[in-house]
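Report on the following structure.
The values are calculated or read from the model by the stated rules, or taken from the named source; none is laboratory data. These figures come from a predicted structure and were not determined experimentally. Because the Cβ atoms are built from the backbone with ideal geometry, glycine has one as well, and the counts that use them run over all protein chains shown.
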Amino acid sequence: MRTISLIVPCYNEEESIMLFYDAVTKVFTGINHAGERYQPQYQFVNDGSSDKTLEILKQLQEQHPETVHYISFSRNFGKESALAAGLDAATGDLVAVMDVDLQDLPELLPEMIRLIEEEDYDCVGTIQKARRGQSRIRAFLSSRFYKVIDTMSQVKIEPNARDYRLMTRQMVDSITALPEYNRFSKGIFAWVGYKTKYLTYESQPRAAGTTHWSLSMLFNYAIDGIIDFSDAPLRLATWVGGFSFFLSICGLIFVVLRALIIGGSVAGWPSLVSIILMLGGLQLFCLGILGEYIGKIYLETKQRPKYIVKEKK
Ligand code: UDP
Ligand code: MG
């Protein structure tokens, strides 16, 4: 009998939890019916929900004390922290990360298990085809994001990959060994390496409730992803700064020579003003990039825990 830990972050998901539990249990009944022997271990993480999520998790845990466990945070720490807590707590031989809203199809699990057990993969990830109900602008921005992160960072992050994946114990141990406070899971999964296979599937609507992501949150997430896994923006700032310095030296030589040869003139102040404005903007931009990194360093040096557990079972 092999155990599979299912890490399930939940933030205000009172309507989804039972639907999720029933759907996944059904899938495992099917797997074991086919002769395999896999025991699911549900590791729910209540990420500071303000609705009945925790009560429902407690009820479920009481009904199935052997297979259902939960961790409850002292406040909302975000999905990345919830995943970190789940991975820290997971004890299974294989470990899956799944959203509770059934957008991560449980029906893929048998194939994912087969790929790891029989074809020797360490990890099976998932990619969703075009998101139904996703606006054009979001789709465009997310494709840009993957382009940028691909050119800038050393790790290869699969475009449109979801967090939904199944991993071996060894890979999970490698992930939990990473000490960083700023966690960008998509990058971390890619960074630790291991032989990974991606399954593509049609994206699903939410089982209940609404998404927790606004456009501005997605922007911040994208910036985190780039900054956490790349120092290319700093390099870019150096290059752009160097290039504009070179241009201004050329301009200076030109102005001095012209003044010496033709004589002084006050004409040309519009160009002067625009150059000053442009350089000012450039400097602020570069300062912003520096600030992003310093902010990250600041958070890392505080060495605060990634999450605070209020109760667990
Ligand atoms: N989630 C969480 N903490 C948060 C936001 C979301 O644990 O602060 C969980 C949420 O309950 C769900 C998963 O993360 O299980 C994905 O969230 P959501 O469905 O809102 O994201 P989307 O699928 O739209 O990317
Ligand atoms: Mg979702």
Exercise for review: Hey, could you check the range 179-189 for residues that are more than 16 Å from ligand 2 (Cβ to nearest atom) and within 21 Å of Tyr293 (Cα to Cα) and say which is farthest from the chain's Cα centre (by Cα)?
Suggested key: Pro179
Exercise for review: Sort through Leu284, Leu290 and tell me the only one that's at pLDDT below 85 and either hydroxyl-bearing (Ser, Thr, Tyr) or assigned by TED's automatic domain parsing to the domain that holds Gly251 (or both).
Suggested key: Leu284
Point to revise | Total residues in the range 1-46, condition among the hydrophobic types (A, V, I, L, M, F, W, C) and more than 16 Å from ligand 1 (Cβ to nearest atom) | key: 6
Practice item. Within the range 196-214, identify whether any single residue is away from ligand 2 (no atom under 16 Å from the Cβ), closer than 20 Å to Glu80 by Cβ and either of a type in the set (A, V, I, L, M, F, W, C) or touching a helix residue (DSSP H, G or I) at 6+ places or on another chain (Cβ under 9 Å) (or both), and answer yes or no. Key: yes
Practice item. Just give me the residues in the range 158-177 being of a type in the set (A, V, I, L, M), assigned to a strand (DSSP E or B) and more than 17 Å from Arg2 (Cα to Cα), in sequence order. Key: Ala161
Practice item. Any chance you could count how many residues in the range 42-56 are buried (at least 21 other Cβ atoms within 10 Å of the Cβ) and polar (S, T, N, Q)? Key: 3
Check your understanding: Looking at Gly209, Gly225, which one is among the small types (Gly, Ala, Ser), touching a residue at least 60 places away in the same chain (Cβ under 8 Å) and assigned by TED's automatic domain parsing to the domain that holds Gln103?
Key -> Gly209
**Study point:** In the range 136-178, the residues that are more than 16 Å from ligand 2 (Cβ to nearest atom), touching a residue at least 24 places away in the same chain (Cβ under 8 Å) and among the aromatic types (Phe, Trp, Tyr)
**Key:** Phe145
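Conditions (1) exposed (fewer than 13 other Cβ atoms within 10 Å of the Cβ); (2) out of contact with any Ser or Thr (no Cβ under 8 Å at 6 or more places or on another chain), marked per residue:
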{"residue": "Ile137", "(1), (2)": "yes, yes"}
{"residue": "Ile149", "(1), (2)": "no, no"}
{"residue": "Ala161", "(1), (2)": "no, no"}
{"residue": "Tyr164", "(1), (2)": "no, no"}
{"residue": "Met171", "(1), (2)": "no, yes"}
Review point. Which pairs do you get when a residue that is away from ligand 2 (no atom under 11 Å from the Cβ), found in the range 6-20, comes within reach of a residue that is charged (D, E, K, R), reach meaning Cβ atoms under 6 angstrom, with the pair 6+ apart or on two chains?
Key: Asn12/Asp51; Glu14/Asp51; Glu14/Lys52
Study note, to complete from the structure: For the range 178-223, the count of residues that are farther than 18 Å from Val148 by Cβ, in a loop (DSSP other than H, G, I, E, B) and not polar (S, T, N, Q) equals 17
Check your understanding: Can you find even one residue in the range 30-37 that is within 16 Å of Asp101 (Cα to Cα), modelled with pLDDT under 95 and in contact with a Pro (Cβ under 6 Å, 6 or more places away or on another chain)?
Key -> no
